[in-house]
Amino acid sequence: MDTPGWRISGGSPLRDRLPRVATVARVIPETSKVTTFVLDAAIKARPGQFLMVWLPGVNEKPFSIVCPDPLTITVANVGNFTAALHRLVPGERLWYRGALGRGFRLSGRDILLVAGGYGAAPLHFLALAARDSGMAVRVALGARAQEDLLFPGRFAGLGCRVWTCTEDGSFGESGLVTDLLQSLADQHRPGSVYACGPQAMLQAVAGICEARGIPYQVSMERYMRCGMGLCGSCAVAGRRVCRDGPVFSRLPPGS
Amino acid sequence: MSRLDLSVTICGVLLKNPFVLASGILGTGAAILERVARSGAGAVTAKSYGPGPRAGYPNPTVLDWGSGLINAVGLPNPGVEVGVGELLETKERLRPLGVPLIASFFADTVKGYGEVARTIAQAGPDLLEINISCPNVEDEFGQPFAADPRAAAQVTLEVKRATSLPAIVKLSPNVADIKAIARAVEQAGADAISAINTLGPGMVIDIEAGRPILAHRVGGISGPAIRPIAVRCVYDICSAVSIPVIGIGGVLRGQDAVEMIMAGASAVGIGSAVYYRGPGVFKRLEVELSTYMEAHGYARLADFRGVALEG
Ligand SMILES: Cc1cc2nc3c(=O)[nH]c(=O)nc-3n(C[C@H](O)[C@H](O)[C@H](O)COP(=O)(O)OP(=O)(O)OC[C@H]3O[C@@H](n4cnc5c(N)ncnc54)[C@H](O)[C@@H]3O)c2cc1C
Ligand SMILES: Cc1cc2nc3c(=O)[nH]c(=O)nc-3n(C[C@H](O)[C@H](O)[C@H](O)COP(=O)(O)O)c2cc1C
Ligand code: FES
């Protein structure tokens, strides 16, 4: 399905890809800045794919799929749109387009997930899928401080082995999640590494994995407009993050 | 297939095939334009640059409403001063590939068009495309320049005075008499015409939200829905002028391109098809066009260009 909407059969019903409405069923506070929204909807999606979430009169922005059924997103409050999302209460509605983009490809018997900040969001969906296919999943979670750690309990609940670290040393190891990756990679040599987080973290992950010959996939973020591979707003080194990504099996050069 | 010649020369610039990436599609930077060139485009058009930086409209900006797309992106661009650098790098990357670069631009006054043209010409693009037809660009009377033959001609004249580069004028379908506009810009010195820009404006309302989905409320329609209008516009223009025409609008398949060429187009713009069929669309269009030509015994595009205009 890499050519959306490409149909030439006569008489088929018109199929648009306009936003669909969903009602917020549950609102779960995760950390002081991060909230999870469980919707009364379910979609077909692959881990790593994302939604364009629309709030009429506000804006439309990309968010990773945390769980496809019930459809769930987890949102860090960092600006105007995410603040508006955080004001939603159960019973209120939002709209979404998607699932969009190219997700993770699962491979290897034991995998290591590396999450910085809300990067844990798409990796949660990946952990769900990995568990269903019987893989051993290790998770390295990093955050500034203990109260910012996202999903340690959820990953443990899925049967993953979880390591945590905080920059201020308030919980788990002290330091960056990439330090944790380095020692885990040397101790366990995972079959594959999957990472999502800030660009600098992804760059470090790529360096560590390439130096050790470990295959890796990273989920990237760029400012998006169309979300459907047409406008070029999200282009990095000639690739469209919204359509060729957001998951890349190596970091695009110069990104 | 080797005996087929898909090349076309427009204003002295050679395209190895007639498929031109349309403006505003993927054309945000040198690397992505190089990718499109490598995936088989005959020429590429960069996004439209204006006199100064523009943020564009908030999202939603582009939607698939079923039979086509609607967009109101709002011409986001860093301004022509920054644009020159981007275009220089693009030109550098395209040169070894033999794929010409078309630089598109807009302004909000007639004089402004001349100034932006002078600046953008420093990047040395192969061709200029004057965007007088974006629904978001209006003259002081609230009309796009493309809506009035006099305004369209003034802009063309001003640009031709400012630079010696060949200039394509991009026309809007949203006019009563597109032939009159085409004749006016030809007389003012336009070297070619591209048509059409998006149709409309249109509107899509979400019936749950009870409001237009696009943040700008209205937007231009593109894709399969507009093809018959685009073909008619190209046909009308080609029957009125003798400068070359780049036919744009709803071309998804090689067969659609044949239709444009039969209406008189010298080259064919590709926009929304990049969404429907991906950036690989250029190679596929070339195969489909070649297949058609072989089956009909055509060796060159000129063998069937404009046949629909005769008789
Ligand atoms: C594929 C993808 C998946 C994502 N998944 C999630 C997710 O699961 N959860 C989540 O919380 N967020 C996710 N995001 C990020 C989310 O889309 C943004 O946080 C959101 O768009 C911020 O909108 P805002 O209006 O609240 O903040 P904004 O007002 O846009 O500002 C947010 C921050 O970004 C900066 N910023 C804004 N625009 C730009 C720009 N063009 N260039 C550089 N910096 C800029 C601002 O200065 C500010 O620090 C994802 C993004 C992508 C691309
Ligand atoms: C998202 C989008 C952005 C566009 N931006 C521009 C632009 O900046 N300048 C311009 O001249 N035309 C712009 N256009 C119009 C296209 O170049 C083209 O004329 C139109 O879409 C019809 O062709 P199509 O049906 O093949 O898409 C844009 C179209 C779309 C869909
Ligand atoms: S956001 Fe438009 S191409 Fe990716």
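Please treat every number below as a calculation from the coordinates, not as lab data. Remember, predicted model here, so these are calculated numbers, not experimental data. Heads up, the Cβs are rebuilt from the backbone with ideal geometry, glycines too, and the neighbour counts pull from every protein chain shown.
What to note about this one:
- Extension gain, B:ALA176 to B:SER290, is 37.5 nm, computed as 0.36 nm per intervening residue step minus the present C-alpha separation.
- Helices in chain B, meaning DSSP H runs of at least 4 residues, each add -39500 (n - 2.57). Divided by all residues, the mean residue ellipticity at 222 nm is -10500 deg cm²/dmol.
- Helix A:120-132 axis, angle to chain A major axis (alpha carbon atoms, nearest 10°): 80 degrees
- Distant-in-sequence amide H partners of B:GLY27 (H built 1.01 Å from N, under 5 Å): B:LYS47
- Computed lengthening from A:THR23 to A:ASN80, 0.36 nm per intervening residue step minus Cα-Cα distance: 18.4 nm
- The stretch B:1-79 and the stretch A:79-115: distance between their alpha carbon centers, rounded to Å: 30 Å
- Interchain or long-range residues, amide H under 5 Å from B:GLY50's placed H: B:GLY79, B:VAL80, B:PHE106
- Amide H contacts of A:ARG102 (H built 1.01 Å from N, in plane; Pro and chain starts excluded): A:GLY245, A:VAL247 sit under 5 Å, all sequence-distant by 5 or more or on other chains.
- Charged-residue dipole, Cβ positions (Lys, Arg, Asp, Glu), the protein assembly as shown about Cα centre, Debye nearest 20: 920 debye
- Rounded if a/c under 1.5, otherwise prolate or oblate - chain B, Cα gyration tensor axes: rounded
- For chain A, the longest principal axis of the alpha carbon atoms and the long axis of helix A:177-188 meet at an angle near 70°.
- Dipole in debye (nearest 20) - chain B, about Cα centre, beta carbon charges: Lys, Arg +1; Asp, Glu -1: 420 debye
- Helix A:199-212 axis versus longest C-alpha principal axis of chain A: approximately 50°, rounded to the nearest ten.
- Couplings 3J(HN,Hα) of the stretch A:135-142, computed from phi: 7, 8, 10, 9, 10, 10, 10, x Hz, in residue order, whole Hz [Karplus 6.51 cos²θ - 1.76 cosθ + 1.60, θ = phi - 60°; x for Gly and Pro].
- For chain B, the number of Lys pairs with C-alpha atoms closer than 15 Å, counting only pairs eight or more positions apart or on separate chains, is 6.
- If you take the alpha carbon atoms of the stretch A:170-245 and fit the smallest convex hull around them, that volume is 111 Å³ per residue.
- Secondary-structure-derived ellipticity at 222 nm for chain A, considering helices only, amounts to -6000 deg cm²/dmol, per-run term -39500 (n - 2.57) for DSSP H runs with n ≥ 4.
- For the stretch A:20-100, relative contact order (Cα pairs under 8 Å, six or more residues apart, normalised by length) works out to 40 percent.
- Computing Rg and the Kirkwood Rh from the Cα coordinates of chain A gives a ratio, Rg/Rh, of 0.97.
- Distance histogram in 10 Å bins (all Cα pairs of the protein assembly as shown, percent per bin): 4, 17, 25, 23, 16, 10, 4, 0, 0
- Relative contact order of chain B, taken over Cα pairs closer than 8 Å and 6 or more residues apart, is 18 percent.
- Each DSSP beta bridge with both residues in the protein assembly as shown is either parallel or antiparallel, and the antiparallel ones are about 45%.
- The stretch B:1-43 shape via C-alpha gyration tensor axes, a/c threshold 1.5: prolate
- In the stretch B:170-311, the inverse of the mean reciprocal separation of distinct Cα atoms equals 16.1 Å; this is its Kirkwood hydrodynamic radius.
- Cβ-to-Cβ counts within 10 Å put B:PHE304, A:PHE155, A:PHE81 in ascending order as B:PHE304, A:PHE81, A:PHE155, the fewest first.
- For the pair A:GLN187 and B:PHE304, label points projected 7 Å from Cα toward Cβ lie 6.8 nm apart.
- Volume per residue that the Cα convex hull of the stretch A:110-219 spans, once the total is divided by residue count, Å³: 82 Å³
- In terms of surrounding Cβ atoms within a 10 Å radius of their Cβ, B:HIS216, A:HIS86, A:HIS124, A:HIS188 rank from fewest to most as A:HIS188, A:HIS86, B:HIS216, A:HIS124.
- Exposure proxy ranking for A:CYS165, B:CYS11, based on other Cβ atoms within 10 angstrom of each Cβ and starting from the fewest, stands as B:CYS11, A:CYS165.
- Between B:SER67 and A:ASP16, the simple spin-label model (points 7 angstrom out along Cα→Cβ) gives 1.2 nm.
- Judged by the gyration tensor of its Cα atoms, with axes a ≥ b ≥ c, the stretch A:20-100 is rounded; a/c sits under the 1.5 cut.
- Among A:GLY227, A:VAL193, A:GLN146 - extreme Cα towards positive end, dipole of the stretch A:120-235, charges at beta-carbon: A:GLY227
- With the simple spin-label model, which puts each label point 7 Å out from Cα in the Cβ direction, the B:LEU14 to B:ILE207 separation comes to 5.6 nm.
- For the stretch B:1-105, the Kirkwood hydrodynamic radius from C-alpha pairs, put into Stokes-Einstein at 37 °C and a viscosity of 0.692 mPa s, yields a diffusion coefficient of 220 µm² per second.
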